[in-house]
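Structure record follows, encoded as structure tokens.
The values are calculated or read from the model by the stated rules, or taken from the named source; none is laboratory data. Nothing here was measured: the structure is a model prediction, and the numbers come from that model. Every residue, glycine among them, receives a Cβ derived from its backbone with ideal geometry; neighbour counts consider all protein chains shown. SASA here: full protein model, heavy atoms, side chains in, ligands and nucleic acids out. Shrake-Rupley method; radii C 1.70, N 1.55, O 1.52, S 1.80 Å.
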Amino acid sequence: MAGGAAVTPAGRRQDYPGGLTLFVFMACMVAATGGLIFGYDIGISGGVTSMDPFLLRFFPSVYRKQAEAADGGNQYCKFDSQLLTLFTSSLYVAALVASLFAASVTRAAGRKWSMFYGGLTFLAGCVLNGAAMNVTMLILGRVLLGIGVGFANQSVPVYLSEMAPARMRGMLNNGFQLMITLGILFANLINYGTDRIAGGWGWRLSLALAAVPAAIITIGSVFLPDTPNSLLERGRPEEARRMLRRLRGTDDVSAEYDDLVAAGEASRAVSRPWRDILHRKHRPQLVMAVAIPLFQQLTGINVIMFYAPVLFKTLGFGGSASLMSAVITGLVNLASTLVSVFTVDRVGRRALLLEGGAQMLAGQVAVGALIGAKFGWSGVATIPAGYAAVVVVVMCAYVAGFAWSWGPLGWLVPSEVMPLEVRPAGQSITVAVNMLMTFAVAQAFLPMLCRLKFVLFFFFAACVVVMTLFVAFFLPETKGVPIEDMAGVWKAHWYWKRFVDDGEDADGRGDVEMGTVV
């Protein structure tokens, strides 16, 4: 029986001794750069697909549709091409598959090496895309990028949640989303610059420069320390105790270490985490691992972010103007993510998600109304400069709502609610669902825009209503709860307690609670 501090009925307890050390802060900053590769790709793909030289070389049919639309054709359908969307969304299928394999690597070798393999594979994809001579090379490069994204997105949020002190876990974990937004902004700025390069080869530079964030996470991960949770999981208790002392900046780590030992014993007892995560006692966490990333993509944010230049161009903005509009939304995204970083551990997860949901709902409805009023069903119209500015402002309000709520918290909440014994498997499910939904939305968006017109934005608004109600009724507050003590949160919840209160799985195995191994 392992000792440990008592857990209150709500799952809260006195915080462990120690605070945020420079060592933890630097480790989390380096690990969070794994978000740069994902963000850079989101920003860069939408930008290059709005560049005429890129379209003319690889997607000439889209280039011709664009020319027809410029002569008074249907604005809604000018980018409708399954081959073009396959270029964008092939990454997400590869990331989905890779994230499932990444769980085994993360558990067996540690979180840092999963980041390293992801960065290395992403580098290979950058080389292929920058040198692409045909669509096959482009898509093969995207597949390699996707494998890198799958490994990074599976391991980075888990690493950040395990390294951070409980009272600062939200802030440090949100560093991952902050890096995603930085990557998007850098990509939008680079696209704006490379689009002006004479000779029409700027798209190559845009794609190849993805090697810079890939190199940062690849090299940086080599120097990262292992988390105490991972060391215990791999049977290295003394190293785990030493690492915990260094992380917390104090020798008084007995309470936290005992809780980690209990979690580690549970983890080592689990030989098949993919089976165990299906047990009744893990039902709440499994639902969150599926529902939260699913809802995150049904906000429509990736439609806005990686198709922003295409979308603005569809709305009648010129090529450079559409890229500049994407830069503006990228700046708003970054600033609003910083709001979440500094407030999530004060106001809590639920408050941000509920407020963000209301703001996104208003934004989607307003965008749909503005586009519908101007283009109607025909899709034939010209947007005056003032009207275009209003569209950009409304989209920025929508992006802001996402960036301080579902953007960062869509990664934070699933990574912090999982018990150690199924944490890599749970995070893999989160990444897989996220990538599956990103692929589905990316593949379906342009055909749906062509067919549903402005009603598409009302569809996403309806999704926002559903996800906001889900948060209101089914997501408990996890602010300030050590991840080893998260079981108490579910036991205090009006709905989820029915799954965890009985203390046994369907196969008769007992629960493991912090402070006691039953």
Inset, instruction - Please find, within the range 490-499, the residue that is least open to solvent (accessible area, probe 1.4 Å) out of those that are part of a helix (DSSP H, G or I) and among the hydrophobic types (A, V, I, L, M, F, W, C). - result: Trp490
Inset, instruction - Considering only the range 37-61, state which residues are farther than 15 Å from Ala208 by Cβ and surrounded by 21 or more Cβ atoms within 10 Å (Cβ to Cβ). - result: Phe38, Gly39, Ile42, Gly46, Thr49, Ser50, Leu55, Phe58
Inset, instruction - Check whether at least one residue in the range 395-409 is among the aliphatic types (A, V, I, L, M), farther than 18 Å from Val471 by Cα and more than 17 Å from the chain's Cα centre (by Cα), and report yes or no. - result: yes
Legend entry - Segments classed as helices (runs of 4 or more DSSP H), wholly inside the range 200-249, with at least 3 members that are open to solvent by 10 Å² or more (accessible area, probe 1.4 Å) and closer than 30 Å to Val48 by Cβ: 202-208, 211-222
Inset, instruction - Could you grab me the full set of residues in the range 269-286 that are open to solvent by less than 70 Å² (accessible area, probe 1.4 Å) and either at pLDDT below 85 or of a type outside the set (S, T, N, Q) (or both)? - result: Ala269, Val270, Pro273, Asp276, Ile277, His279, Lys281, His282, Pro284, Leu286
Legend entry - Selected residue (criterion: modelled with the highest pLDDT) from residues of the range 178-199 that are open to solvent by 10 Å² or more (accessible area, probe 1.4 Å) and under 14 Å from Ser340 (Cα atoms): Met179
Inset, instruction - Go through (1) open to solvent by 40 Å² or more (accessible area, probe 1.4 Å); (2) over 29 Å from Val341 (Cβ atoms) one by one and return the number of the condition Arg167 breaks. - result: (2)
Legend entry - Every pair of residues 6+ apart whose Cβ atoms lie under 7 Å, when the first sits in the range 388-406 and is without any contact (Cβ under 8 Å) to a residue 24 or more places away in the chain and more than 20 Å from Ile292 (Cβ to Cβ) while the second is open to solvent by 10 Å² or more (accessible area, probe 1.4 Å) and assigned to a helix (DSSP H, G or I): Val390/Leu370
Inset, instruction - Any chance you could count how many residues in the range 126-163 are of a type in the set (A, V, I, L, M), open to solvent by 10 Å² or more (accessible area, probe 1.4 Å) and outside any helix (DSSP H, G or I)? - result: 2
Legend entry - 2 or more residues open to solvent by less than 10 Å² (accessible area, probe 1.4 Å) and farther than 30 Å from Ala102 by Cβ: qualifying helices (runs of 4 or more DSSP H) within the range 356-463: 385-403
Inset, instruction - Working only within the range 104-147, note down all residues that are β-branched (Val, Ile, Thr) and under 21 Å from the mean Cα position of the chain (by Cα). - result: Val105, Thr106, Thr121, Val143, Ile147
Inset, instruction - Determine if the range 475-489 includes at least one residue that is in contact (Cβ under 8 Å) with a residue 12 or more places away in the chain, closer than 24 Å to Trp274 by Cβ and open to solvent by 30 Å² or more (accessible area, probe 1.4 Å). - result: yes
Inset, instruction - Determine whether Leu172 is hydrophobic (A, V, I, L, M, F, W, C), under 22 Å from the mean Cα position of the chain (by Cα) and not in a helix (DSSP H, G or I). - result: no
Legend entry - Residue list for the range 287-326, restricted to those being open to solvent by 10 Å² or more (accessible area, probe 1.4 Å), at pLDDT below 90 and among the hydrophobic types (A, V, I, L, M, F, W, C): Phe317, Ala321, Met324
Inset, instruction - Answer yes if at least one residue in the range 252-262 is under 26 Å from the mean Cα position of the chain (by Cα), among the hydrophobic types (A, V, I, L, M, F, W, C) and at pLDDT below 90, and no otherwise. - result: no
Inset, instruction - For the range 60-79, indicate whether the set of residues that are of a type outside the set (Val, Ile, Thr), part of a helix (DSSP H, G or I) and modelled with pLDDT of 85 or more is non-empty. - result: yes
Legend entry - Residues of the range 337-355 satisfying the condition of being surrounded by fewer than 23 Cβ atoms within 10 Å (Cβ to Cβ) and of a type in the set (S, T, N, Q): Thr343
